[in-house]
Amino acid sequence: MTADFLYPEVKPRCARRMAVGDGHYLYVEEVGPTDGLPVLFLHGGPGSGCTAAQRRLFDPQRFRAVLIDQRGAGRSQPLGALNENTTADLVADLEIVREALGIPMWIVFGGSWGSLLALAYAQIYPERVLGLVLRGIFLGSQAEIASYAGGGNPGARQAWLAFSRALGMAASGDLLLAACAARVLGEDAGEAERASRAWLDYERALLDEAPLGRLPDARELAKVRIQMHYLSRNCFLSPGQLLAGVERLRHLPAAIVQGLSDPVCPPYTAQALHQAWPEATWFPVAQAGHGGLSPPIARACIKALGWVAECVEVVG
C-alpha cells in the first residue's frame, strides 16, 4: 500500500460493455483474480461513473472487484440517457451483471449516491449479498436533497450565491434545485450548459476544489443531467424506504464509514442509519470530509472492507 493508503495502480483484467435492455450498455470492468472474493463497487453522483483511482481501494491479490458505470454515466452508453433510468432500473442492472459474470454472491461497496444504491440493491436481493461497506451515507430523502441545494455550508456560500445568480433567483434549496433541473433538462442547450456549470462549481466548492474554469465536457454534462433527473424526483424512492428496509439486512456484516466533517453527506444521515441498524459497525473518521479517495477516508474504507471480508471468510 502506498503513502496515500491506496493500493498501487492497476489496469482492469477485463473490460466490456454489457447490454442490460432498454437500449442501455453498461461499462463493466474487473480487477483482481477470478477466484478472489467478489466485491461490487458502486460509484457516486448519481451519474459520476467510476475512475481508475477507485480500483486502488482493492487488494489486487485478495479481491475480484467489479466496477460498473451506471446507466448513462461514464463510459456507459448512451451517455446521459434518462430513458428507463430509475433506481429500480439500476438495481435490476446489478443482477444482470452478477449473473452474466457467474458470481453467486458478492460484497457490495458504495459511497455517497453509491451507498443509497447499495442499500436499495441489498434490501431487494439480500440473498446475493455477502456484506456491505457504505461510505458517506445518502438516503435520498427530500430533506437531504433540499439541504444539499440550500447553500448552508459556509465554505461554499460564495459558490452557492453564484449558482443562484446563474439561475436568476435566490430561493430555498428545493425551489432552486427545481429551477436548475428545469434548465438542465430543458430544450435550450445554452441554458443547460450554463446551469450545469454553475451546479458543478457549487459542488466543487463543497469539496474544497477550484471552479471548473471552462465549459463542462460531455461526461460532466451527462452527470448533471442524471443528477437533476434523480434529485428532482427524490431518487425514485418512497419516504423512509431505505431505513425501513434495514430489517432485511440485520444478518449481514456491514460497515458504515462516515467523515465527521462531510459537507456533502452530513454525519446526521449516517447516524440515523446506524441508529436504525446498530448491528452495523460504525467507522467514524474525525475531521474528514466527503472525498472517498482522500487519505483518511480511503484508509477507513480499506480497513472496513477488510473487516467485512474477514467476517465473510470466517462464516464461509
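Each value in this text was obtained by applying a stated rule to the coordinates, not by laboratory testing. Predicted model only: the values in this text are computed from it and were never measured. With ideal geometry, Cβ positions are generated from the backbone for all residues, glycine too; neighbour counts draw on all protein chains shown.
So for the stretch 5-118, considering every pair of alpha-carbon atoms, how many percent are separated by more than 16 Å? I get 55 percent for the Cα pairs in the stretch 5-118 exceeding 16 Å.
If you take every DSSP beta bridge whose two residues both sit in the stretch 1-145, what share of them, in percent to the nearest 5, is antiparallel?
Around 45 percent of the beta bridges assigned by DSSP in the stretch 1-145 are antiparallel ones.
Once you have a ≥ b ≥ c as the square roots of the Cα gyration tensor eigenvalues for the chain, tell me rounded if a/c is under 1.5, and otherwise prolate or oblate according to whether a/b is larger than b/c. Here the chain falls in the prolate category.
DSSP finds beta bridges in the chain, and of those with both partners inside it, around 35 percent are antiparallel. May I ask which residue of LEU185, GLY291, LEU212 lies farthest towards the positive end of the charge dipole of the chain, with charges of +1 (Lys, Arg) and -1 (Asp, Glu) on Cβ and the Cα centre as origin? The one lying farthest along the dipole's positive direction is LEU212. Dipole check for the chain: with +1 at the C-beta of Lys and Arg, -1 at the C-beta of Asp and Glu, and the Cα centre as origin, the magnitude is about 380 Debye.
Look at where the Cα atoms of the stretch 111-175 and of the stretch 240-280 average out, and the two centres are 14 Å apart.
Tally Lys/Arg at +1 and Asp/Glu at -1 over every other residue whose Cβ is under 13 Å from the Cβ of GLY111; what's the total? Can you show the working numbers first?
Values: positive: ARG135; negative: ASP262.
Result for the local shell: 0.
Taking Cα centre as origin and charging only the Cβ of basic (Lys, Arg, +1) and acidic (Asp, Glu, -1) residues, the dipole magnitude of the stretch 143-235 rounds to 40 debye. Sites listed here are GluC sites (Glu not before Pro) in the stretch 1-57 whose DSSP assignment is loop and whose Cβ has at most 13 other Cβ atoms within 10 Å: GLU9.
For ASP217 and LEU293, the FRET efficiency from 1/(1 + (r/R0)^6), where r spans their Cβ atoms and R0 equals 22 Å, is about 0.60. The simple spin-label model puts a point 7 Å past each Cα toward its Cβ; for ASP4 and ALA100 those points are separated by 3.0 nm.
Backbone amide hydrogens, once placed in the peptide plane, bring ALA254 within less than 5 Å of LEU132, THR281, excluding anything fewer than 5 places away on its chain. Percent of Cα-Cα pairs more than 22 Å apart in the stretch 143-235, please. So the portion of pairs separated by more than 22 Å is 17 percent. Across every pair of non-identical alpha carbons in the stretch 228-283, the mean reciprocal distance, once inverted, gives a Kirkwood radius of 12.6 Å. Per-residue ellipticity at 222 nm computed for the chain from its helices equals -12000 deg cm²/dmol, with DSSP H segments shorter than 4 residues left out and the rest contributing -39,500 (n - 2.57).
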